[in-house]
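**Student:** The structure under discussion is supplied below as structure tokens; questions concerning it will follow.
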Amino acid sequence: MISLKINKALCGAKGEMNLELDLKIRQGEFLAISGESGAGKSTLLRILAGLEKAEGEVLVHGQDWEDIPVQKRQIGFVFQDFGLFENMSVEQNLLFVANDKELADELLDITQLSELKRRKPNTLSGGQKQRVALARAFMSRPNILLLDEPLSSLNHDMRLKLQKDILKLHQRFSCTTLMVSHDASDIYRMASRVIVMELGKIVKDGTAKEVFSTNTSHLKGEILEVKKDKIVILVGQQLIELEVSKDKKFNVGDYVDVGAYFDFCASANSGVQKIPQ
Amino acid sequence: MHELLNTLSTLDLAPFALSFKLATITTLILFVVALPLAWQLSQSHSKVKPIIESLVSLPLVLPPSVLGFYLLVAFSSFDLAFTFKGLVIASCFYSLPFMVQPLQGGFESLNKNMIESSYIAGKNKWVTLFRVALPNIKPALMTALIITFAHTVGEFGVVLMIGGSIPDETRVASIAIYDLMNNLEYGKAHIYSAIMLLISFFVLLSVYIFNHKQKYFKGVRA
């Protein structure tokens, strides 16, 4: 069990804020951390890794980690920009963590990097670098695995494959995993629990289904463009064009409740939707 | 032409040998001293960091006579003035910023997460320094070593005050040129100066070519 009760002043996306967390994570849990940029997600990982200090306490299996240096925490960490050792080959990056050739070969095989093991990181693509960082994170046989957007540079197929691989490795090493991600599909497929952070605080906590499911009757969209008898609305990452009554006045930037329209036009897919009068 | 050959054949190369001996010893000592200092400074957020940085950089702005005067006062009680040993110690002071600053700049330009990845891998600061940080700042390392060497070879003011001009002991090349000028031996002064000019140029050229190649190959590989 990991228990975090921490407080730290941060300069976030919207100015100064306090990271205030009271979080318990069960052994073996796969926790996804979602939320806007600057909400304190990466800082949470860094505090747990011992790379940053915070007031309060971090208890891991009942042991206070305040005085445990980062070197002794036995964690795996995948940074957003990978943090690979540029002077070492792919294989040497893994063996630097632990001189375990067998494990290195296995991880290189899983991440499909065996053929690239003699290459230096600056000759690899972003996706390949990300896979090296992932493989390296497992070399210490970590108790806790910290992933800061680990799949963001990957194409769809590799993403699906690595989702499975991470889950497999997470189970094999019986580690507790914390993953920062903005991607609902990654979170849905991989995480057993999700927290959503806003300005340094947890605002939602539950399963992916509970956290991300939206009641369609409260589905909101932002108006991006107002035409003569149509409006263009952004709902999530989807652009939708709706026919509207000429009598109604709409402004760009306003939020409108479009859920009711979807319910009304249940048969329609995307494209033009009828607005009920 | 005959006169030039005659001058060349009677040229005393001892001042150059002494200059290179001084520069080599100084560069080696400074590398050992400055490497941990530059590493600590690059990793530190301490309030005393600007004070240490200012002290390290003082020789860049201080008149050589001021540095020479204080060193002479300090050396007087240790019999170090006008000795080669004293010259080495003085050189370590005036060339210190030329070693520390490029190394510190190199360390500070490294990807922070690369250093942290090494700590997470269980490696301490010193393993991280020698196996991760140092191999990734080759151009800065090359610059630090060569510029320190070249600056020590070229220093005049402090060397004159601390070492004077004792042949085979403290009479380095820059002092020898000064002596030749004072003795109105312009022919030899010309040759000594030309040798210094060429050495300085090729030293700098080697640094720039090395750094250019490093950047070029990095770009090609990326």
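**Student:** Just to check your reading of the model, which residue among B:127, B:132, B:61, B:73 is free of Cβ contacts under 8 Å to residues at least 12 places away in the same chain, closer than 26 Å to residue A:45 by Cα and among the hydrophobic types (A, V, I, L, M, F, W, C)? First the steps, then the outcome.
**Tutor:** Values: B:132 fails: free of Cβ contacts under 8 Å to residues at least 12 places away in the same chain; B:61 fails: closer than 26 Å to residue A:45 by Cα; B:73 fails: closer than 26 Å to residue A:45 by Cα.
The unique qualifying residue is B:127.
**Student:** Another question, then. Which of the following residues is of a type in the set (Phe, Trp, Tyr), more than 16 Å from the chain's Cα centre (by Cα) and farther than 28 Å from residue B:107 by Cβ: A:85, A:96, A:138? Quick ask: steps written out before the conclusion?
**Tutor:** Numbers: A:85 fails: farther than 28 Å from residue B:107 by Cβ; A:96 fails: farther than 28 Å from residue B:107 by Cβ.
Checking each option against the conditions leaves just A:138.
**Student:** Take region A:110-133 and flag every residue that is at pLDDT below 90 and hydrophobic (A, V, I, L, M, F, W, C).
**Tutor:** The answer is A:110, and nothing else.
**Student:** Also, quick follow-up: Show me the helices (runs of 4 or more DSSP H) entirely contained within region B:77-156 in which 3 or more residues are of a type in the set (A, V, I, L, M, F, W, C).
**Tutor:** Qualifying helices (runs of 4 or more DSSP H): B:84-109, B:112-120, B:138-154.
**Student:** Provide a single number: the residues in region A:165-181 that are closer than 13 Å to residue A:134 by Cα and under 17 Å from the mean Cα position of the chain (by Cα).
**Tutor:** Final tally of qualifying residues: 6.
**Student:** Taking the residues in region B:115-136 that are at the interface with another protein chain (Cβ under 10 Å from one of its Cβ atoms) and farther than 20 Å from residue A:72 by Cβ as candidates, determine which candidate is surrounded by the fewest Cβ atoms within 10 Å (Cβ to Cβ).
**Tutor:** Restricting attention to region B:115-136, the residues satisfying the condition of being at the interface with another protein chain (Cβ under 10 Å from one of its Cβ atoms) are B:115-125, B:127-128, B:131-136.
Now drop any that are not farther than 20 Å from residue A:72 by Cβ, which leaves B:133-136.
Numbers: B:133: 25, B:134: 18, B:135: 13, B:136: 21.
For region B:115-136, the residue satisfying everything is B:135.
**Student:** Which one of A:139, A:158 is more than 30 Å from residue A:7 (Cα to Cα) and within 14 Å of another protein chain (Cβ to nearest Cβ)?
**Tutor:** A:139
**Student:** Confirm whether residue A:42 is under 28 Å from residue A:189 (Cα atoms), crowded, with 20+ Cβ neighbours inside 10 Å and within 17 Å of the chain's Cα centre (by Cα). Full working, then the answer.
**Tutor:** Details: under 28 Å from residue A:189 (Cα atoms): yes; crowded, with 20+ Cβ neighbours inside 10 Å: no; within 17 Å of the chain's Cα centre (by Cα): yes.
Spelling it out, it is not the case that residue A:42 is under 28 Å from residue A:189 (Cα atoms), crowded, with 20+ Cβ neighbours inside 10 Å and within 17 Å of the chain's Cα centre (by Cα).
**Student:** Now, a different point. Would you mind finding the one in B:32, B:100 that is modelled with pLDDT of 95 or more and either out of contact with any helix residue (DSSP H, G or I) (no Cβ under 8 Å at 6 or more places or on another chain) or of a type in the set (Asp, Glu) (or both)?
**Tutor:** Sole residue among the options that is modelled with pLDDT of 95 or more and either out of contact with any helix residue (DSSP H, G or I) (no Cβ under 8 Å at 6 or more places or on another chain) or of a type in the set (Asp, Glu) (or both): B:32.
**Student:** Restricting region B:146-166 to residues that are within 17 Å of residue B:17 (Cα to Cα) and touching a Pro at 6+ places or on another chain (Cβ under 8 Å), which is surrounded by the most Cβ atoms within 10 Å (Cβ to Cβ)?
**Tutor:** Here the residue is B:155.
**Student:** Within region A:93-106, work out how many residues are part of a helix (DSSP H, G or I) and either loosely packed, with under 15 Cβ neighbours inside 10 Å or more than 14 Å from chain B (Cβ to nearest Cβ) (or both).
**Tutor:** If we filter region A:93-106 for residues that are part of a helix (DSSP H, G or I), which is where we start, we get A:93-97, A:101-106.
Cutting the leftovers down to either loosely packed, with under 15 Cβ neighbours inside 10 Å or more than 14 Å from chain B (Cβ to nearest Cβ) (or both) gives us A:101-102, A:105-106.
So the count comes out to 4.
**Student:** Further question: Just to be sure, is residue B:143 in contact with a Phe, Trp or Tyr (Cβ under 6 Å, 6 or more places away or on another chain) and buried (at least 18 other Cβ atoms within 10 Å of the Cβ)? Before the answer, list the steps.
**Tutor:** Numbers: in contact with a Phe, Trp or Tyr (Cβ under 6 Å, 6 or more places away or on another chain): no; buried (at least 18 other Cβ atoms within 10 Å of the Cβ): yes.
Considered against the rule, which asks whether it is in contact with a Phe, Trp or Tyr (Cβ under 6 Å, 6 or more places away or on another chain) and buried (at least 18 other Cβ atoms within 10 Å of the Cβ), residue B:143 comes out as no.
**Student:** If a residue has to be in contact with a strand residue (DSSP E or B) (Cβ under 7 Å, 6 or more places away or on another chain) and over 14 Å from residue A:144 (Cα atoms) to count, how many in region A:26-62 make the cut? Spell out how you get there, then give the answer.
**Tutor:** Keep residues of region A:26-62 that are in contact with a strand residue (DSSP E or B) (Cβ under 7 Å, 6 or more places away or on another chain), which gives A:27-36, A:38-45, A:47-49, A:54-60.
The next check asks that each one be over 14 Å from residue A:144 (Cα atoms); those that pass are A:33-36, A:38-43, A:54-57.
The number of residues fulfilling the criteria is 14.
The values are calculated or read from the model by the stated rules, or taken from the named source; none is laboratory data. All of these numbers come straight from a predicted model, not from anything done at the bench. Note that each Cβ is placed from the backbone with ideal geometry, even for glycine, and that neighbours are counted across all protein chains shown.
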